[in-house]
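Enquirer: Shown below is the structure under consideration.
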Amino acid sequence: MFKYVLENNLGDVLAIIGAALCFLLAGSGAAKGVSMAGKVGSGVIAEDSSKFVPVMILEALPSTQGIYGFVVAFLIIGKVGGLSLEQGFSLIIAGLPAGVVGLISAIFQGQVAVASIGIVAKRSADMVKGVVLTLMVELFAIFALLISILMVGKV
Amino acid sequence: MAVVSMKKICITGLLKEKKPMLSFLQKRGVVDIQDMPIDSEYENVFTKGYDKNSEAEIDSKMALLSKAISVLEEYDESKKPLFKVRKDIDRQYYESITQYNDEFIGLAEKVIETYNSIGDFRDEINRLENDILTLTPWTDLDIPINMSKTDKVNIVLGTIPEFVKPETYTQAIDEKGLLCQVQEISRDKNNAYVATYIHESDMQQPMHYLKSIDFNILEYDFSGIPGRLIEENKQTISRLKVNIENAKSSLKEYALKTGEVQAVYDHFAISKGLLTVDDLILSGKYSFIIDGWIPEEKVEKTVGALEKDFVCHVFVRDPHDDEEFPVLLKNGFLGDSVTGVTEMFSLPNCREADPNTVTAIFFALFFGMMLSDAGYGLVMSVVCAVILLKFKLEYATARFIKLMLISGIATIIVGALYGSWFGDLIPTILSDKSINVALWFDPIADPNRLLMWSLILGVIHIYVGYGMKGYNNIKKKKYLDAVLDVLPWYFFFTMACFLVSSYIPSVPENVYMTLTPIGKKLFPYSAAVILLTQGRHKKGIFGKLFGGIAAFYDLINFMGDVLSYSRLLAMGLATGVIGSIINQLGSAGGFTIPGIITFTLVFVVGHGFNFAINALGAYVHSSRLQYIEFFNKFFEGGGVAYSPLFEDTKYIRIRE
């Protein structure tokens, strides 16, 4: 059995694992980040419903990590079909930056988003400053996405 | 693309003409009145400030009117426009309304009274309905519910749990020979409602027994026979409902006057502006002095009109070199569109160039690259164009829609270059994945190439930022700085880029084979230039040297900034890939009727979602690239907005 898998398309299985891993990590991180911001945001809206739009924008920011994970997972899935063992392993590794950095940065970004919602609660006009602070964290997820895309492209 | 140049204006007039003149200035809305300090030697000549009591009075009237307006808007049945704009009304008409201020305040009071009465009626109905609910079990009781005794018999009302059978207690009462009778009136799923009649000679024993079967005494403070009470309550409720309907219809009738009430509200807003401005101007015994800023182009007309209508002296001069004046921006379509985004960062100060037009070009370009789908861009542009042409808009809304329009157009162009029309809709519909509609190249197939172009655009954007810095220095007549703060950096950064060109993916080999040697040869010279020029403001030879060395750190910043533009690729790819996935999901049903229906559904919902999330992303990331990477290079900001004394209204716009 093991020999069969080894001789045939274990590479494909590995790639599938890589895609799953990548999205599992990034997706759950994004969910966590968004939910953190959402919880605090609902409190702010309960006090002043006119702040819905700025709160919504801030809440949506940590969701991009999920999208990045999705994109990389999709690119990996696109590679599936007669992959060799090395290629399969490479794809697992290629998915990791978007996955792991996505997971961690989404949670951290969620924390900054929560703090920025605090800004909005006091002064809606300063929303953009909060957005910029929150986006600072995002840069690393973007780098991770790029590295992943470039690595997937090389396999 | 400009900061409007301002002149200082100083008006001295007669005190008896103060009100009319301020009112005149307010109608013109051109003079930004500044706070004028009183010199200590004139403290007993001039006074400042206004009557706080009048302000409180106006505030309370405005609060009343504003509450009435919110009620009236609720009951206003006329069609509401999609975008809220202030209504244009004629000054004559406005003045004819404001003659009847008191009547409209009376109307507002009536509106609020009527509105509150609806609330009271509703509370009353609730109370009556609750009473009916409480009384319903006793409907069949034909004695007054509060009757507790007759001559010899005490009457106690209460409940017995539903599971205690009537036979049980009748039998028990008989066997014990108690002077008591239990009459069941009604029952629900938990309890039987009973009236017990107990002879007054012996209350103790029957009560003791009844307690043992969980008899629970109920007392009511109604008076009357339950059936009749319910009937009465029902009648009152229907009468109250009629009252509510009447109140609503009179509110609807009042709502026809919403426009007038709004005009009166704005009348008070205007008079408040006129009142509070007294805090800024000096008033003496016979005269007053106004000090302010006025846009250069308005000077002639305003001064002419002032001197014609009033006895006054007007003095106008240019601002001193070190004097800050309020900032008013004047831009064409492009520059105007992005001012909202820039203002969220800061207003430019009065001595620097207005960056809006340049910013608008890059904003739209980057937005386009990140949304990167011609289909989405087309939808956006068409919607924005229709809104701009068909609807009346307030300025802030209009400029946002303009920004979205130019961003949409940029998105179409970029999308067409990438060959992305609603993802890969065209190849999907023709079911031939090999079709390439890209005018340039498909970034999903060759992301490295787009990465290179993103970084190059980043370098250009940053260079333009340095260019703006040079331009600002020229404006300030610091010609040496204009050269030395810009050109050495261009040289240095360009050489650094040449040096690393071979590490950037997708740069053709012959290109980096030429660039790298140039970079290698010239980079040390460019570094030397930086070392020699960037410490020049520091004191002492060591200060200058270390200042120069510290400037090298900017190279790291520069690299970080350039890499940050890789988001142009990442966000663009995300849109394209998700778009393709949606098409793939949608087309799974094939070319059959159910297949087409699923396709339509998936298409609309999926692309709607993809558009929303990516347009939001494109907007915030494009703003961020301006704020952090671009503005950082040259923008000083900190300008104070030009805010003239004008008719600051909420609901109406007065036309001459």
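The values are calculated or read from the model by the stated rules, or taken from the named source; none is laboratory data. The structure displayed is predicted, hence computed values, not measured ones. Don't worry about glycine lacking a Cβ; one is built from the backbone with ideal geometry, like all the others, and counts go over all protein chains shown. Ligands, DNA and RNA are stripped out before the accessible areas are found, and what is left, the full protein with its side chains, is counted by its heavy atoms. Shrake-Rupley method; radii C 1.70, N 1.55, O 1.52, S 1.80 Å.
Enquirer: Looking at the range B:147-219, how many pairs of lysines come closer than 21 Å at the Cα, when each pair is eight or more places apart or spans two chains?
Expert: Final tally of qualifying lysine pairs is 7.
Enquirer: Which entries in B:K301/B:K633; B:K19/B:K257; B:K520/B:K633; B:K285/B:K330 show an alpha-carbon gap greater than 32 Å?
Expert: In this structure, B:K301/B:K633; B:K285/B:K330 exceed 32 Å between Cα atoms.
Enquirer: So what is the diffusion coefficient of the protein assembly as shown in µm² per second by Stokes-Einstein at 20 °C and 1.002 mPa s, using a Kirkwood Rh over Cα pairs?
Expert: 63
Enquirer: Another question, if that's okay. How large is log10 I(q)/I(0) at q = 0.14, 0.15, 0.20 Å⁻¹ when the Debye formula is applied to the Cα atoms of the range B:205-349, each weighted equally and without solvent?
Expert: Treating every Cα as an identical point scatterer, log10 I(q)/I(0) equals -1.09, -1.15, -1.32.
Enquirer: In the range B:580-656, what chymotrypsin sites (Phe, Trp or Tyr not before Pro) fall in a loop by DSSP, with at most 10 other Cβ atoms inside 10 Å?
Expert: Numbers: sites: B:F591, B:F599, B:F603, B:F609, B:F611, B:Y619, B:Y627, B:F630, B:F631, B:F634, B:F635, B:Y642, B:F646, B:Y651; in loops: B:F591, B:F635, B:Y642, B:F646, B:Y651.
Those that pass, being in a loop and sparsely packed, are B:F591.
Enquirer: Related question: Eigenvalues of the Cα gyration tensor times 5, then square-rooted: what semi-axes does that give for the range B:47-89, in whole angstrom, largest first?
Expert: 32, 14, 6
Enquirer: Kirkwood-based Rg over Rh for chain B (C-alpha set), two decimals?
Expert: Across chain B, the Cα-based Rg/Rh ratio is 1.19.
Enquirer: Where does the Debye-calculated log10 I(q)/I(0) of the range B:523-585 sit at q = 0.22, 0.25 Å⁻¹, using only Cα point scatterers of equal weight, no solvent?
Expert: For the range B:523-585 at q = 0.22, 0.25 Å⁻¹, log10 I(q)/I(0) is -0.86, -0.95.
Enquirer: Kindly provide the pair-distance distribution of the range B:330-634 built from C-alpha pairs, with 20 Å bins from 0 and whole-percent values in order of increasing distance.
Expert: The calculated distribution, bin by bin, is 29, 50, 19, 2, 0.
Enquirer: Given a 1.4 Å probe and no ligands, DNA or RNA in the count, how much accessible surface is buried by A and B, both sides, to the nearest 100 Å²?
Expert: Values: alone 8170 and 34650 Å², together 40600 Å².
The A and B chains share an interface burying roughly 2200 Å².
Enquirer: Let me ask another. No solvent, one uniform scatterer per C-alpha: report log10 I(q)/I(0) for the range B:529-656 via the Debye equation at q = 0.18, 0.19, 0.22 1/Å, two decimals.
Expert: With no solvent term, the Cα-only Debye profile gives -1.02, -1.07, -1.19.
Enquirer: Considering every Cα-Cα pair within the range B:265-390, what fraction, in whole percent, is farther apart than 18 Å? Intermediate values should be presented prior to the final figure.
Expert: On the way: 5778 of 7875 pairs.
More than 18 Å apart: 73 percent of the Cα pairs in the range B:265-390.
Enquirer: May I ask you to give the percent of accessible area on the range B:330-634 that is carbon plus sulfur, with a probe radius of 1.4 Å?
Expert: After summing per-atom areas, the C and S share lands at 74 percent.
Enquirer: With every atom except the alpha carbons ignored, what do you get for Rg and Dmax of the range A:8-154, in angstroms?
Expert: 17.7, 61
Enquirer: I would also like to ask the following. Which angle from 0 to 90°, rounded to the nearest 10, does the C-alpha axis of helix B:258-276 make with the longest principal axis of chain B?
Expert: Around 60 degrees separate the two axes.
Enquirer: Related question: Give me the percent of Cα-Cα pairs in the range B:319-447 that sit more than 22 Å apart, rounded to a whole number.
Expert: Working: 3996 of 8256 pairs.
For the range B:319-447, the fraction of Cα-Cα distances above 22 Å is 48 percent.
Enquirer: Continuing with this model, one more query. What trypsin sites (Lys or Arg not before Pro) does the range B:1-106 have in DSSP loop regions with at most 13 other beta carbons within 10 Å?
Expert: Those that pass, being in a loop and sparsely packed, are B:K79, B:K84.
Enquirer: For chain B, what relative contact order do you get, as a whole percent, if you take Cα pairs closer than 8 Å and at least 6 residues apart?
Expert: Worked out over chain B, it gives 22 percent.
Enquirer: Sticking with this one: So who's got an amide H within less than 5 Å of the one on B:V45, skipping anything under 5 residues away but keeping other chains? H placed 1.01 Å off N, in plane.
Expert: Result for B:V45 returns nothing.
Enquirer: Above 16 Å lies some portion of the pair distances; for the range B:387-472, what is it as a whole percent of all C-alpha pairs?
Expert: Within the range B:387-472, distances greater than 16 Å cover 70 percent of Cα pairs.
Enquirer: Cross-link candidates for A:K39: which aspartates and glutamates have Cα within less than 15 Å, leaving aside residues fewer than 8 places away along the same chain?
Expert: A:E47, A:D48, A:E59
Enquirer: Over the range B:462-612, consider all pairs of different Cα atoms and compute the Kirkwood hydrodynamic radius from their mean reciprocal separation; express it in Å, one decimal. Working shown, then result.
Expert: Values: mean 1/r = 0.0512 Å⁻¹.
After inverting the mean inverse Cα-Cα distance, the result is 19.5 Å.
Enquirer: Tell me the per residue accessible area of the protein assembly as shown using a 1.4 Å probe; a whole number in Å² is fine.
Expert: The answer is 50 Å² per residue.
Enquirer: Zone of B:S201 (label point 7 Å along Cα→Cβ, backbone N under 18 Å): which residues in the range B:129-166?
Expert: Inside the label zone: B:150-155.
Enquirer: Taking the simple approach of a point 7 Å from Cα along Cα-to-Cβ for both B:N243 and B:K79, what is their distance in nm?
Expert: Between B:N243 and B:K79, the simple spin-label model gives 3.8 nm.
Enquirer: Greater than 29 Å separation of Cα atoms is the criterion. Which listed pairs, A:K122/B:K79; B:K7/B:K48; B:K478/B:K544, meet it?
Expert: Among A:K122/B:K79; B:K7/B:K48; B:K478/B:K544, the Cα-Cα distance tops 29 Å for A:K122/B:K79.
Enquirer: Short version: ³J(HN,Hα) in whole Hz for each residue of the range B:472-486, in order, from phi by Karplus 6.51 cos²θ - 1.76 cosθ + 1.60 (θ = phi - 60°), x for Gly and Pro, what are they?
Expert: In residue order, the calculated couplings are 4, 5, 5, 4, 8, 6, 9, 5, 5, 4, 4, 7, 6, 7, 10 Hz.
Enquirer: Ignoring ligands, DNA and RNA, please state the percent of accessible area on chain A from carbon and sulfur, probe 1.4 Å.
Expert: Whole-percent figure for carbon plus sulfur exposure: 73.
Enquirer: Moving on to the next point. Threshold 30 Å², probe 1.4 Å: give the residues of the range B:551-597, in number order, that are less accessible with all protein chains present than with their chain alone.
Expert: In the range B:551-597, residues shielded by partner chains: B:S566, B:R567, B:A570, B:M571, B:L573, B:A574, B:V577, B:I578, B:I581.
Enquirer: Separate question: Based on Cα coordinates alone, diagonalise the gyration tensor for the range A:70-121, multiply each eigenvalue by 5, take square roots, and list the semi-axes in whole Å, largest first.
Expert: Equivalent-ellipsoid dimensions as semi-axes: 36, 10, 4 Å.
Enquirer: Along the three principal axes, how long is the range B:39-184 when you take its alpha carbons, biggest first, rounded to the nearest angstrom?
Expert: Cα spread of the range B:39-184 along its principal axes, largest to smallest: 107, 50, 29 Å.
Enquirer: Based on the inverse mean of 1/r over its pairs of different Cα atoms, what is the Kirkwood hydrodynamic radius of the range B:439-523, in Å?
Expert: On the way: mean 1/r = 0.0688 Å⁻¹.
Computed over the range B:439-523, the radius equals 14.5 Å.
Enquirer: Let me ask you something else. Mind pulling up the Rg/Rh value for the range B:196-269? Radius of gyration and Kirkwood radius, both on Cα.
Expert: With Rh from the inverse mean 1/r over Cα pairs, Rg/Rh is 1.50.
Enquirer: Can I ask one more? Report, to the nearest whole %, how much of the accessible area of the range B:147-219 belongs to carbon and sulfur atoms, 1.4 Å probe, protein only.
Expert: That share works out to 49 percent.
Enquirer: What whole-number value in cubic angstrom gives the convex hull volume per residue for the C-alpha atoms of the range B:611-656?
Expert: So the per-residue Cα hull volume is 167 Å³.
Enquirer: While we're looking at this one, here's another question. Binning every alpha carbon pair distance of the range B:5-77 at 10 Å from zero, what are the percents per bin?
Expert: Pair shares across the bins are 13, 28, 31, 18, 8, 2, 0.
Enquirer: Sketch the reach of a paramagnetic label on B:S250 as a point 7 Å from Cα along Cα-to-Cβ, and name the residues of the range B:58-83 whose backbone nitrogen lies under 19 Å away.
Expert: Within reach of a label on B:S250: B:65, B:67-77.
Enquirer: So what J values fall out for the range B:519-525 if you push phi through Karplus, 6.51 cos²θ - 1.76 cosθ + 1.60 with θ = phi - 60°, rounded to Hz, Gly and Pro as x?
Expert: Computed from phi, the couplings for the range B:519-525 are x, 4, 6, 8, 4, x, 5 Hz.
Enquirer: Could you work out the equivalent-ellipsoid semi-axes for the range B:147-219, taking the square root of 5 times each eigenvalue of the Cα gyration tensor, largest first, in whole Å?
Expert: Values: eigenvalues 70, 43, 19 Å².
Over the Cα atoms of the range B:147-219, the ellipsoid semi-axes are 19, 15, 10 Å.
Enquirer: Please identify every one of the chymotrypsin sites (Phe, Trp or Tyr not before Pro) in the range A:1-101 that sits in a loop by DSSP and has no more than 16 other beta carbons within 10 Å of its own beta carbon. Could the numbers behind the result be given before it?
Expert: Details: sites: A:F2, A:Y4, A:F23, A:F52, A:Y68, A:F70, A:F74, A:F89; in loops: none.
In loop regions of the range A:1-101 (DSSP not H, G, I, E or B), there are no sparsely surrounded chymotrypsin sites (Phe, Trp or Tyr not before Pro).
Enquirer: Where does the protein assembly as shown land at 222 nm, in deg cm²/dmol rounded to the nearest 500, when only DSSP H runs of n ≥ 4 count, each adding -39500 (n - 2.57), divided by all residues?
Expert: -21500 deg cm²/dmol
Enquirer: Let me ask something else about it. Starting from the amide H of B:I652, placed 1.01 Å from N in the peptide plane, find each other amide H under 5 Å away whose residue is 5 or more places distant or on another chain.
Expert: B:K87
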